[in-house]
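What follows draws every value from the coordinates through simple rules; no lab data is involved. Remember, predicted model here, so these are calculated numbers, not experimental data. Glycine gets a Cβ as well: all are built from the backbone with ideal geometry, and neighbour counts include every protein chain shown.
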């Protein structure tokens, strides 16, 4: 479930919104984005939750696609999730994978590009790299929002982008960043 207490704006015909909720419960979205590890296996945080909700078929489908590098994204089916697709992005480990800002931006660009190539109309993102990978929340939110807003004019099919944030602090930071960037 998602609380609709966040920010919602329309940018060039695409709705961009921020909500607090569970990334694995985004009904009505064509794809959710996994904050993946390089081996595309189950783990902690977002990846663990997505793999648990999707069932063992997800890890099987991911196995031949691994490993991926920081900044890269791949797409699989959603298995037991309410979403037909999962886009797996390997965000940078802050302080280790450089240039971390560009690698994080690449995740959002690549995810939107994959969604567009598949003709998907809606994508839900977590706050990539901000958990175990240690990316500070405020700069990560700015990179995410700036990249998504800059990439949307180049994609045709995506008409709804949701940022699904784990807690109230992340929701407030993302919503404030979106508001600042869109006026």
More than 28 Å from residue 77 (Cα to Cα), part of a helix (DSSP H, G or I) and without any contact (Cβ under 8 Å) to a residue 40 or more places away in the chain - does that describe any residue in region 149-171? yes
Looking only at region 168-183, filter to residues that are within 12 Å of residue 10 (Cα to Cα) and touching a strand residue (DSSP E or B) at 6+ places or on another chain (Cβ under 7 Å); which one of those is surrounded by the fewest Cβ atoms within 10 Å (Cβ to Cβ)? 182
Identify, from the list 165, 137, the residue that is surrounded by 23 or more Cβ atoms within 10 Å (Cβ to Cβ) and under 21 Å from residue 88 (Cα atoms). 165
Hey, among 105, 49, 35, 73, which residue is in contact (Cβ under 8 Å) with a residue 60 or more places away in the chain, crowded, with 17+ Cβ neighbours inside 10 Å, within 21 Å of residue 133 (Cβ to Cβ) and in contact with a helix residue (DSSP H, G or I) (Cβ under 7 Å, 6 or more places away or on another chain)? 35
If residue 143 meets every condition in (1) within 19 Å of residue 19 (Cα to Cα); (2) more than 14 Å from the chain's Cα centre (by Cα); (3) not in a loop (DSSP other than H, G, I, E, B) apart from one, which number is that one? (2)
